[in-house]
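Any read-out appearing in this document is the output of simple, stated calculations on the displayed coordinates, not a laboratory observation. Because the structure is predicted, anything quoted here is derived from the model rather than measured. Here the Cβ positions follow ideal geometry from the backbone for every residue, glycine too, while neighbour counts run over all protein chains shown.
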Amino acid sequence: MTNITALELIEETAKYYSENTRRRAVQTTAGGFAGCRYETDDGRRCGVGRLLTEEGLREALNASATDVDLLLEDGVLHVGSFKEKYRHLVDAELMSDVQSLHDEPAFWEREGLTGLGRAKLGQLRETYERRTQS
């Protein structure tokens, strides 16, 4: 199996949710608040949730914190919580960027990324291209 790069993960995430924005793990509460979850009741997963093993997903869902960087910092999630394909990429900053790209409502509309979302994707591409070259 070939290891993907951080930049490829960002691209993969944007493509996955752009192909069908209903894949996003967003649930609206009775009060109208749209919140993201690692996995919704109907099985949709967020940007980080889709990278997790079943056990890793359970760990994330049972945790009191929801931000991936805190889950990694607290040891709730760890390299083994992620599918093998992504384990070499487990880094709090990268996982936070993946989570943010998925979670931010202003980045998405029915057809895919909004202008703001495309700008964020461009910023992430630039960041991770620079790191690849370093």
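Just a few scattered comments:
- Amide hydrogen neighbours beyond the local backbone of Trp108, cut-off 5 Å, H modeled: Thr114
- Burial ordering of Ile10, Ile4, fewest other beta-carbon atoms within 10 Å first: Ile4, Ile10
- Global form of segment 48-125, assessed from the alpha-carbon gyration tensor, a/c cut-off 1.5: prolate
- Surface/4 of the Cα convex hull for the chain, nm²: 8.6 nm²
- Karplus-based coupling profile of segment 12-21, in residue order and whole Hz: 4, 5, 4, 5, 4, 7, 6, 4, 7, 5, with θ = phi - 60° in 6.51 cos²θ - 1.76 cosθ + 1.60 and x standing for Gly or Pro.
- Applying both filters, DSSP loop and at most 16 other Cβ atoms within 10 Å, to the GluC sites (Glu not before Pro) of segment 97-132 gives Glu111.
- Mean Cα-pair separation over length for the chain, i.e. relative contact order, pairs under 8 Å, 6 or more apart, %: 28 percent
- Residues whose amide H falls under 5 Å from that of Leu52, counting only those 5 or more places apart or on a different chain, are Lys83, with hydrogens built in the peptide plane.
- Computed over the chain, the per-residue total of -39500 (n - 2.57) for DSSP H runs of n ≥ 4 gives a 222 nm mean residue ellipticity of -14000 deg cm²/dmol, rounded to 500.
- Longest segment of the chain lacking trypsin sites (Lys or Arg not before Pro) that sit in a DSSP loop with at most 15 other Cβ atoms within 10 Å: 1-82
- Taking Cα centre as origin and charging only the Cβ of basic (Lys, Arg, +1) and acidic (Asp, Glu, -1) residues, the dipole magnitude of the chain rounds to 420 debye.
- Residue of Val98, Val90, Val48 that the Gaussian network model of the chain assigns the largest fluctuation, springs spanning Cα pairs under 10 Å: Val90
- Phi-derived couplings, Karplus 6.51 cos²θ - 1.76 cosθ + 1.60 at θ = phi - 60°, listed residue by residue for segment 59-65: 4, 5, 5, 8, 7, 7, 7 Hz, with x used for Gly and Pro.
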